[in-house]
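Everything below concerns the one structure shown next.
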Amino acid sequence: MEHNPWQIRSEKAVYENPWIQLTEYDVINPGGGKGIYGKVHFKNIAVGVLVLDEALNTYLVGQYRFTLNAYSWEIPEGGCPIGTDPLEAGKRELLEETGLVAGHWDTLFNMHLSNSVSDEWAVVYLARNLQQQTAQPEETEELQVKKIPFSEAAAMVESGEITDSMSVAAIYKVQLLLAQGKLK
């Protein structure tokens, strides 16, 4: 069943800024009931980069997340305006946040981040063959960067210390690829 069972009776823009647009829809739901549905449209693609060096170390970025009212450890992440190259955004974010430049890039996966309320789309990369340069964080970022064994990052996911969705998915994907012998 791949048809759209939702009927939209009307829609109105509720809020908009340079990053998001919130729209409220007056709908008939799949069961025939009347209701409302809110959708957050993201104006950027989310981009994440899992770094893996020759010794199987990775880099995590720690920062206070305003939306969570909590500190968060994550893979390097950022935004990419729709219509531009996510790989170039990944390279920029990696340099900005960690000071690293990677010589080899692979796409790990694409994913929707919260498809019950938003259309936010993410692209996550694996970056290898690293060179250290100087980090260039944005003024909105107060970052802590740590280099740790990849196995420690996986343990942080398993213990619940890492909860960011792109980071969790990227770490589990790389853990699976390592277990299958597809990465060394």
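Out of contact with any strand residue (DSSP E or B) (no Cβ under 7 Å at 6 or more places or on another chain), hydrophobic (A, V, I, L, M, F, W, C) and at pLDDT 95 or above - does that describe any residue in segment 138-154?
Yes, that holds for at least one residue.
If the condition is being open to solvent by less than 40 Å² (accessible area, probe 1.4 Å) and within 30 Å of the chain's Cα centre (by Cα), then segment 28-39 contributes only GLY38.
One residue stands out among those in segment 3-25 that are within 23 Å of GLU120 (Cβ to Cβ), of a type outside the set (Phe, Trp, Tyr) and open to solvent by less than 70 Å² (accessible area, probe 1.4 Å): the one that is nearest to the chain's Cα centre (by Cα), which is ILE20.
Would segment 55-71 turn up any residue that is closer than 24 Å to SER151 by Cα, open to solvent by 10 Å² or more (accessible area, probe 1.4 Å) and in contact with a Gly (Cβ under 9 Å, 6 or more places away or on another chain)? Scanning segment 55-71, I find at least one residue that is closer than 24 Å to SER151 by Cα, open to solvent by 10 Å² or more (accessible area, probe 1.4 Å) and in contact with a Gly (Cβ under 9 Å, 6 or more places away or on another chain), so the answer is yes.
The values are calculated or read from the model by the stated rules, or taken from the named source; none is laboratory data. Here the structure is a predicted model, which means the values were calculated and not measured. Heads up, the Cβs are rebuilt from the backbone with ideal geometry, glycines too, and the neighbour counts pull from every protein chain shown. These area figures cover heavy atoms from the full protein model, side chains too; ligands, DNA and RNA do not enter into them. Shrake-Rupley method; radii C 1.70, N 1.55, O 1.52, S 1.80 Å.
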